[in-house]
Amino acid sequence: MIRNILAIDDSASMREILQAALGGAGYEVTLANDGEDGLEHALAQCFDLVLTDLHMPRMSGLDLIRKLRANPSYLETPILVLTTESDETFKVALRDAGATGWLEKPVDPELLVDLTSALGETRA
């Protein structure tokens, strides 16, 4: 079951959308503004789902995924990437790094909540 979500994006407006959509659906959402900030949160507390942007300052989403997957606490945690990229090269790189999946921006908040719910059902 998914209850606690880490949402990482360098865009303040995107963080607000994620907070409104997921928080409004009853999830506990922790926000981070880049990969390094997100990694600090992830190492301090265990999350049921990680949402991350791909292109961010200080640490990319790809590097963040690799670091999380190297941590035993995050071997099975779903990690979704929110990105404007649709190129197959990025999709292969994301899969190879350990991403569970991705959503292209702009993200439909209702779709995000539905996907989060579906991921929670597979983990129950």
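The table below lists the values:
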{"item": "Long-range HN-HN contacts of residue 34 with modeled amide H, under 5 Å", "result": "9"}
{"item": "Distribution of pairwise C-alpha distances over region 4-123, 5 Å bins, in %", "result": "2, 12, 25, 27, 22, 10, 1"}
{"item": "Size of region 1-47 as Cα extents on the principal axes (Å, biggest first)", "result": "26, 26, 10"}
{"item": "DSSP loop trypsin sites (Lys or Arg not before Pro) with at most 15 other Cβ within 10 Å: longest gap in the chain", "result": "59-124"}
{"item": "Where the Cα pairs of region 35-84 fall when distances are cut into 10 Å bins, in %", "result": "27, 63, 10"}
{"item": "Likely footprinting exposure, 34, 96, fewest C-beta neighbours within 10 Å first", "result": "96, 34"}
{"item": "The chain - mean residue ellipticity at 222 nm from DSSP helices (-39,500 (n - 2.57) per run, n ≥ 4, rounded to 500)", "result": "-12000 deg cm²/dmol"}
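No lab work stands behind these numbers, since they all come straight from the coordinates. Not measured: the values here are computed from a predicted model. Every residue, glycine as well, gets a Cβ built from its backbone with ideal geometry; the counts of neighbours run over all protein chains shown.
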